[in-house]
Amino acid sequence: MTHPLRIGVLAIQGAVSEHERALRAVGADPVRVRDERGLDLLDGLVVPGGETTTLRRVAGDSGLIDALRARRRDGLPILGTCAGMIALADEIADGDTPLIGGLDISVRRNGYGRQVASCEAQIACDGLGTGPVEAVFIRAPVVERVGEGVTIHARYGDTPVAVSDGPLMAVAFHPELTADLRFHQWLADQAREYAARSDVHTKEGLGVGA
Amino acid sequence: MAEQSGANGRTGTSLVKSGLAQMLKGGVIMDVVNADQARIAEEAGACAVMALERIPADIRAHGGVARMSDPDLIMGIKDAVSIPVMAKCRIGHFVEAQILQSLEIDYIDESEVLTPADDAHHVDKHGFTVPFVCGATDLGEALRRINEGAAMIRTKGEAGTGNVVEAVRHMRAIHGGIARLRAARPDELYAAAKDLRAPFELVVAVAESGELPVVNFSAGGIATPADAALMMQLGADGVFVGSGIFKSEAPAARARAIVEAVTHFSDPDVLARVSAGLKDAMPGIEIGSLAEGELLQTRGW
C-alpha cells in the first residue's frame, strides 16, 4: 500500500462532511463524488444519508447511478448508511426501482414512521469492533427481507439494521454522527484489499494517483 | 419532556433532532401550498417541503395576521409525499408548535414570515420531540435560537421578495461573526458573548470549532439557480426556496434546476446549463421600496 486510500463520498445531497471526518479518522483520503468523473481511481465509496428521491433525481438523470452500478459490479467496496442502505438494496418496497443495488435485501423507506419516531439506542454488533454500538436512527429504512448470502451484524429488536455481503455494507443508522469508527474502519480495510488486488494502483505508475 | 425512552430507544434527543438537519444538507426545501405542489417539489428532487397556506409573497400581498396553517392542509401535504414535511408556527406560539408536533410534522419552523405571537420570548424548543428550525440575521441571533433548542438555523433573508441581497447579507454576517470569534483571544470571548447577546458556552464552542453547532441553510429571496449556488458558495449548507418556485412561470423546471444547482454549486458549466430556458423568475421587490414595518427579518429577538 503506497498511496493513501481514496474513498469517495457520494455528494449529491446529505450528510457528506460527517463521513469525511470519519474517513480521515481511519486514515483514508475522502473525495466528494458528484459525477462520473469523480468515480475514477476510487478504492472505496460511501453513500451517505439523505433523501433517496433527491439522489434518484439528480444522480439518475446524469447517468451517475448507472456508472455506480458498474463500479459496484467491478467489486468496489461500498458503505451505505440510511438512504445509502436503500441505494444498495436489490428491492425497495412499494415499487420503487432499485438504485445501485447489489445487496440481496428488501427495504421499506421511513419504515419506522416520521421524525418523532427517530431515536438513539445501544445495540449489540457482531463481527465488527468491540462492544455495543450507539445507533442513531433518523427516519430510518426497515429491512423486511434478507437474502441467504447476507450477513447480519446488528439487529434492533428483531429487525436487521447492519448487513453485509462481500464488499457491500448497509447500515440503517448513522455511525457518522457518533465517534464510533468501526464501519468506516471496515470500509478502509475492504478498500485496502480492493486496491491491492485490482489494477487501480497501476495509476501510480502513470503518475495520476492520489 | 422532549427526551423519552422505551422499547423504541430514546426519541427527541439533540443528536436525533440536529441529525435530521444534517441529512437535509446539500438539498433544497421548497414552500408548497397544496398536495400537487408537494408532488412537483418531490419529483424535482426537493429534500423536504414546507407546508403552508400562503407562500410569503402572497402573505405580503394579503396583509393581516399570518398564522399556522390549517391542519387539514398540512396533513394533505404530508400524505402526498415521502420526503420530510415541515410547517411553520408563529414566533413564541408554543401552542401552535404543540399542534404541529401532534400532527407528527418532521420539522417546525418558528418563522418570522408569520405574525409573531410574543414580542419577547421564542418557543422553548427543548420541550419538544419534533426538531425546530429558526431564522437568524447574525451570529448572536443564531446562538440565541440554538440556546433555546433550535436544531437547525436558516438565515432569514427577506422572504417573499425574490431578492437575494438580504440572504447574502445575513450569511456574510454569520460567517463574519464566526471568523471574528476564531481570531479572538480566549480572554476576549467574555466581551464577545456580551456583544453578541449569546451564551458564553456557545460562543466558546464556535470559537473553537469555527462553525455553528447545527446546520445552517439560507432562506428569503432565492429565485434562481444562480442565487441558490451563490448562497452555497457563501457557506450555506442548503437552501429554502419559498415564493421563488411557485411564483415563477415554469415551477417544475425551475425547481429541478435549483436542485441541480445546489448539488453542483461550484461547477459553472452545470450552472449555465441548468439556468437556461427557465422562462420568467418571480418579479421581485427592491428591498428599499419596502417600508420598515413591511420587513419580516426584523421580527424575532
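Overview of values
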read-out: Selection from A:GLY157, A:ALA59, A:TYR194 lying farthest towards where the dipole of the protein assembly as shown points positive, charges on Cβ; value: A:TYR194
read-out: Two-site label geometry, A:ALA179 and B:ARG273: point separation in nm, points 7 Å out along Cα→Cβ; value: 4.3 nm
read-out: Neighbour-count ranking [beta-carbon atoms within 10 angstrom, fewest first] of B:VAL65, A:VAL116, B:VAL206, B:VAL16; value: B:VAL65, A:VAL116, B:VAL206, B:VAL16
read-out: Gyration tensor verdict on region A:1-94 (Cα atoms; rounded if a/c is under 1.5, prolate if a/b is larger than b/c, oblate otherwise); value: prolate
read-out: Exposure proxy order (Cβ contacts within 10 Å, fewest to most) of B:PHE265, B:PHE94, B:PHE240; value: B:PHE94, B:PHE265, B:PHE240
read-out: Within-11-Å neighbourhood charge of A:GLY49 [Cβ basis; K, R +1; D, E -1]; value: -1
read-out: Length gained when the stretch A:ASP126-A:ALA25 is fully extended (0.36 nm per residue, less Cα-Cα span); value: 34.2 nm
read-out: Anisotropy class of region B:60-104 from Cα gyration tensor, a/c 1.5 cut; value: oblate
read-out: Cβ charges +1 (Lys, Arg) and -1 (Asp, Glu), total dipole of chain A, debye; value: 340 debye
read-out: For chain B, built as a Gaussian network whose Cα springs stay under 10 Å, the top-fluctuating residue of B:VAL204, B:VAL123, B:VAL274; value: B:VAL204
read-out: Cα coordinate range in region A:6-206, projected on the principal axes (Å, largest first); value: 51, 39, 33
read-out: Nearest-ten-degree value, helix A:64-73 long axis tilted from longest Cα axis of chain A; value: 80 degrees
read-out: Estimated FRET transfer efficiency (B:GLU211, A:GLU148; beta-carbon r; R0 35 Å; 0.05); value: 0.20
read-out: Computed E for B:PHE200/B:ALA120 - FRET, C-beta separation, R0 22 angstrom, nearest 0.05; value: 0.50
read-out: Globularity ratio of the protein assembly as shown, using Cα Rg and 2.2 N^0.38 Å; value: 0.95
read-out: Pairwise label distance in nanometres, A:ALA70 with B:GLU104, each label 7 Å out on the Cα-Cβ vector; value: 4.3 nm
read-out: Shielding score for B:79-86, defined as the mean number of other chain Cβ atoms within 10 Å; value: 3
read-out: Most mobile of B:ALA80, B:ALA228, B:ALA120 in a GNM of chain B (Cα contacts under 10 Å); value: B:ALA120
read-out: Sequence of A:LEU103, B:LEU230 once ranked by neighbouring C-beta atoms within 10 Å, starting from the fewest; value: B:LEU230, A:LEU103
read-out: For chain B, share of DSSP beta bridges that run antiparallel, in % to the nearest 5; value: 5 percent
read-out: Within chain B, longest stretch clear of exposed GluC sites (Glu not before Pro) (DSSP loop, no more than 12 other Cβ within 10 Å); value: B:1-248
read-out: Mean Cβ count within 10 Å, highest first, over the residues of peptides A:139-150, A:72-83; value: A:72-83, A:139-150
read-out: Rg over Rh, two decimals, chain B (C-alpha only, Kirkwood Rh); value: 0.95
read-out: Simple spin-label estimate for B:GLU43 and B:GLU249 in nanometres, 7 Å along Cα-Cβ; value: 2.1 nm
read-out: GNM result for chain A, Cα springs below 10 Å: residue of A:GLY157, A:GLY102, A:GLY44 fluctuating most strongly; value: A:GLY157
read-out: Formal net charge of residues neighbouring B:ASP195 (Cβ-Cβ distance under 15 Å; K, R +1; D, E -1); value: +1
read-out: Helical segments meeting 20 Å axial Cα length and Kyte-Doolittle -0.5 threshold in chain B (DSSP H); value: B:165-183
read-out: Total charge dipole magnitude, chain B, about the Cα centre, Cβ charges on Lys, Arg, Asp, Glu only, Debye to nearest 20; value: 340 debye
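Every number in this text was worked out from the coordinates using simple rules, so none of it is lab data. Keep in mind the model is a prediction, meaning the values are calculated, not measured. Backbone-built Cβ (ideal geometry, glycine too); neighbour counts: all protein chains shown.
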